[in-house]
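The values are calculated or read from the model by the stated rules, or taken from the named source; none is laboratory data. If you're wondering where the values come from, they're calculated on a predicted model, not measured in any experiment. Neighbour counts run over all protein chains shown; Cβ positions are idealised from the backbone, glycine included. For accessibility, only protein heavy atoms count, side chains too; no ligands or nucleic acids. Shrake-Rupley method; radii C 1.70, N 1.55, O 1.52, S 1.80 Å.
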Protein chains: 6
Amino acid sequence: MSWLPTLITKTPEDGYDLAIKLSRMAVKKTQPDDDARGRMREDYANSADSLTMVSEVVAINFQTVAQANNYWRD
Amino acid sequence: MSWLPTLITKTPEDGYDLAIKLSRMAVKKTQPDDDARGRMREDYANSADSLTMVSEVVAINFQTVAQANNYWRD
Amino acid sequence: MSWLPTLITKTPEDGYDLAIKLSRMAVKKTQPDDDARGRMREDYANSADSLTMVSEVVAINFQTVAQANNYWRD
Amino acid sequence: MSWLPTLITKTPEDGYDLAIKLSRMAVKKTQPDDDARGRMREDYANSADSLTMVSEVVAINFQTVAQANNYWRD
Amino acid sequence: MSWLPTLITKTPEDGYDLAIKLSRMAVKKTQPDDDARGRMREDYANSADSLTMVSEVVAINFQTVAQANNYWRD
Amino acid sequence: MSWLPTLITKTPEDGYDLAIKLSRMAVKKTQPDDDARGRMREDYANSADSLTMVSEVVAINFQTVAQANNYWRD
């Protein structure tokens, strides 16, 4: 079963969650060790700039997902 | 009730506010603790570079919202 | 009166100024205190990297405005 | 044999993997020494912000690949 | 006379130069003091990361100019 | 002879190389001194984050080149 069978989602909110998933997957594929990622959580979850950077990646991925779904206009 | 029922807004100004909401939501979903986010507020609200980074995320999300609304040209 | 009644501008130069306005508005909405923003001015106005970051946000917003205006080709 | 014969992939997941490949290739072409890149692995694989930056590059390349594939909608 | 009468250029190379001009103009409008900008030149012209950041802004503006010119395909 | 006569390339791989060329040209135009650029090479070629930043610029330029070539779909 693919972790990314499609970019199509039912609603904008689902699309936003998919954008978050896409953002996390690149991190997971670069650092596959769950414990290592867990140790870093404190670092970025308590740094304003780190969180803004995370938000930027989500924004870029949300552009892609929103376009794929024709902005859920149909 | 969804926090993001649609990307369509009545006016460009409403679209800009939605872009801000989208930018904040990724932060909230990464750091759900309201107090933790509140403690960081001082950090980024008084740093020029942090505010510029926030503005960049809003700019990216505003691209998405503006496209969804066909730039409010209709 | 809205601060953003439309994305349509008469000329590319006006569009560029609107991109600057869009870039500043996210900062203003995140840090509404005029004095606080004023105190930060020295920081970013005299740092090459801060100015480059500002220029990046303007570039992203100018993409949006230019698209909205069909690149002033008509 | 080209390392990039096409941007077309069968599935979104394959497209995501291609986006990772595109992201790594620019690094490889800038620093062709395998050992030098290997020594840096520890640095970015254990830094939250470095991983977020990597994720951002993947997001940008995934936009390109997704558009090339018409978002795998066909 | 406008500094930006049009986004249309004759050649891709001219378009690239316009992208550089667009990138610099946001800096100039944020820091209008020529001497202040001159003093910063040494900083960014001798820092690899600063130069990469400058190159990123040019890349974003070049996207806009290239689209405006339909990629000089006509 | 122009350094950028066209954005059209025969293959995706050639397009990727052009994206690298575009990324480097902004650096060259900002710091035209070959020796100065050479001295910086060690800095960014051995820093993971610097290389990721370089890769981001290439990704943005590759978006432009890929669009210009209609993703080499024709």
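Just a few scattered comments:
- The one condition in (1) polar (S, T, N, Q); (2) part of a helix (DSSP H, G or I); (3) touching a residue at least 24 places away in the same chain (Cβ under 8 Å); (4) surrounded by fewer than 22 Cβ atoms within 10 Å (Cβ to Cβ) that A:Gln63 fails to fulfil: (3)
- Single unsatisfied condition, F:Asp43 versus (1) modelled with pLDDT of 95 or more; (2) assigned to a helix (DSSP H, G or I): (1)
- Condition check for B:Ala45: hydrophobic (A, V, I, L, M, F, W, C), surrounded by 15 or more Cβ atoms within 10 Å (Cβ to Cβ) and closer than 21 Å to A:Ala68 by Cα: no
- Of all the numbered requirements in (1) without any contact (Cβ under 8 Å) to a residue 12 or more places away in the chain; (2) part of a loop (DSSP other than H, G, I, E, B), B:Lys29 misses one, and that requirement is (2).
- Any hit, the range B:5-12, residues being basic (Lys, Arg) and in a helix (DSSP H, G or I): no
- For the range C:49-74, filtered to residues that are of a type in the set (Gly, Ala, Ser) and more than 11 Å from E:Thr30 (Cα to Cα), the residue that is farthest from the chain's Cα centre (by Cα) is C:Ala68.
- Unique match (being over 24 Å from C:Asp35 (Cα atoms), open to solvent by less than 20 Å² (accessible area, probe 1.4 Å) and at pLDDT 95 or above) among B:Thr6, B:Thr30, B:Thr11, B:Thr52: B:Thr30
- F:Val58 falls short on exactly one of the conditions (1) more than 7 Å from every other protein chain (Cβ to nearest Cβ); (2) part of a helix (DSSP H, G or I), and that condition is (1).
- Being open to solvent by 40 Å² or more (accessible area, probe 1.4 Å) and over 26 Å from F:Ile8 (Cα atoms) is a property that E:Asp35 has.
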